[in-house]
Amino acid sequence: MIPLSSPNIGEKEIEYVNNVLKSRHLALGPYLQKFEKTFKIFIDSKYAIAVNSGTSALHLLLRAIGFQRGDELITSSFTFISSANIAVFEGGKPLFIDIDPFDYNIDIKKLDNYIKNKDIQKVKAFVGVDIFGQPIDWDFVEKTLKNTKIKIIEDSCEAIGSEYNGKKIGKYGVGGTFAFYPNKQITTGEGGMIVTDNEEVYELTKSMSNQGRSLNSEWLEHERLGYNYRLDEMSAAMGVAQMERIEWILNERSKKADYYNKLFKENKNIVIPKINYFTTRMSWFVYVLRLDLDWVSKIIKLPQWVKNFDLPNTLKNENVEEWDGILTSIKKILNTLIERLNEKGVQCKNYFSPVHLQPFYKKNWDYSLGDLPVTELISCLTIAIPFYTSINEKDQNTVYKMIVETMGEIENESKK
């Protein structure tokens, strides 16, 4: 099996973790401090707060801006569910903007239209997701939200090292977040990081991550409601070792992405990732392909408006039944491709499933199919293929060969 992802663990990671075990200082130790210091230097932020997950990082930033019950949060539905769940944690409501069909980030024109034409009195936060490592057009976002009371939080959990117009992302708005799950560019096992230039945000998030203790309080003195969101010392030690190799890791992943681009760029049945002109450095989290709709239409006849992405803002009433049938048919093709590739030893998965169509979102907020047509269509077309720092060209060639072969099989079977 060629795995979907694989963490890159070296001798330094093992050495540093063993140092922690030998020291018996397993929490709130020197490696945690060094990890935070190294990270803030890398991002060029004033502060960095290490926590136990990217979800925790997002949650703490949301609380730091005073988000509370009844408030609303705008984000993407084409993301990991944490980007929206943090609003639910606080009794708020997530609102979703549809995505651009080519870079898969929030469609900034639709965001602008929403801000100008909807009631945004209850909207307290905008969580901008740099999907798959691709930055949003942050200048446009800041311009759009400039004259509102909406606070910006940057969800860069998939994008450590990416640059927007020569500037490392993670510094827009009140702060940014990163995550270090084993499939990320660098890993601490589980873990996350908050970065900010705002001293008040730093003090609040640092305190809340440590059970509400202030920076100078005694161990059993708690100034505010907090959580045990701390990163343990062993994970921090791994993070220090990973950060010592961060440039090499990012460069290696870029080489692997370039090789996939070379393999797939002439294949008319596949759409490779689009990198925007303002992305001056792309940090590759995953490598996601999209099935070309002309190829899909060889198997199931698609209406021209679907093939051209000429989609309405929403699909309602009688149109939803047709839309459901189209998406179900496309998803069946995608699932067949994924299942067969896994059977052939090439691990693949669909990225992402729309958040607004998750069962408890539909139940609690009446979101339904047709609300975000572009998100719903893209989600039926995207497939993450094996991608990690140490993948070699031989395995990448195998992945390419198996995908082309399997898509050919599916197409030929449809003609019988």
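The values are calculated or read from the model by the stated rules, or taken from the named source; none is laboratory data. None of these values were measured; they are calculated from a predicted model. As a convention, Cβ positions derive from the backbone with ideal geometry for all residues, glycine included, and neighbour counts pool all protein chains shown. The area values use the complete protein model at the heavy-atom level, side chains included, leaving out ligands, DNA and RNA. Shrake-Rupley method; radii C 1.70, N 1.55, O 1.52, S 1.80 Å.
Before moving on, here are some points about what is shown:
- From 35, 42, 126, 80, residue being in contact with a Cys (Cβ under 9 Å, 6 or more places away or on another chain), at pLDDT 95 or above and not small (Gly, Ala, Ser): 80
- Scanning the stretch 299-312 for residues that are in contact (Cβ under 8 Å) with a residue 12 or more places away in the chain and either loosely packed, with under 13 Cβ neighbours inside 10 Å or aromatic (Phe, Trp, Tyr) (or both) gives 303, 309, 312.
- Test: residue in the stretch 206-224 that is in contact with a Lys or Arg (Cβ under 9 Å, 6 or more places away or on another chain), in contact (Cβ under 8 Å) with a residue 60 or more places away in the chain and closer than 20 Å to residue 159 by Cβ: no
- Within the stretch 148-183, restricting attention to residues that are in a loop (DSSP other than H, G, I, E, B), open to solvent by 40 Å² or more (accessible area, probe 1.4 Å) and modelled with pLDDT of 95 or more, the residue that is farthest from residue 200 (Cα to Cα) is 182.
- Scoring residue 89 on the criteria (1) open to solvent by 50 Å² or more (accessible area, probe 1.4 Å); (2) in contact with a Phe, Trp or Tyr (Cβ under 8 Å, 6 or more places away or on another chain) leaves a single failure, condition (2).
- Residue in the stretch 348-365 that is aliphatic (A, V, I, L, M) and touching a Lys or Arg at 6+ places or on another chain (Cβ under 9 Å) present: no
- Of all the listed residues (386, 373), the sole one being farther than 21 Å from residue 94 by Cβ, at pLDDT 95 or above and not aliphatic (A, V, I, L, M) is 386.
- Number of positions in the stretch 329-356 that are under 28 Å from residue 94 (Cα atoms), out of contact with any strand residue (DSSP E or B) (no Cβ under 8 Å at 6 or more places or on another chain) and open to solvent by 80 Å² or more (accessible area, probe 1.4 Å): 0
- Of all the residues in the stretch 1-35, those that are open to solvent by less than 20 Å² (accessible area, probe 1.4 Å), within 27 Å of the chain's Cα centre (by Cα) and under 23 Å from residue 207 (Cα atoms) number 2.
- Residue in the stretch 311-320 that is part of a helix (DSSP H, G or I), farther than 24 Å from residue 88 by Cβ and not hydrophobic (A, V, I, L, M, F, W, C) present: yes
- Residue satisfying all of: in the stretch 357-416; part of a helix (DSSP H, G or I), of a type in the set (Gly, Ala, Ser) and farther than 27 Å from residue 182 by Cα; most open to solvent (accessible area, probe 1.4 Å) among these: 414
- Residue list for the stretch 82-114, restricted to those being β-branched (Val, Ile, Thr) and farther than 26 Å from residue 275 by Cα: 86, 88
- Residue match in the stretch 315-326 (condition: closer than 16 Å to residue 379 by Cα and open to solvent by 70 Å² or more (accessible area, probe 1.4 Å)): yes
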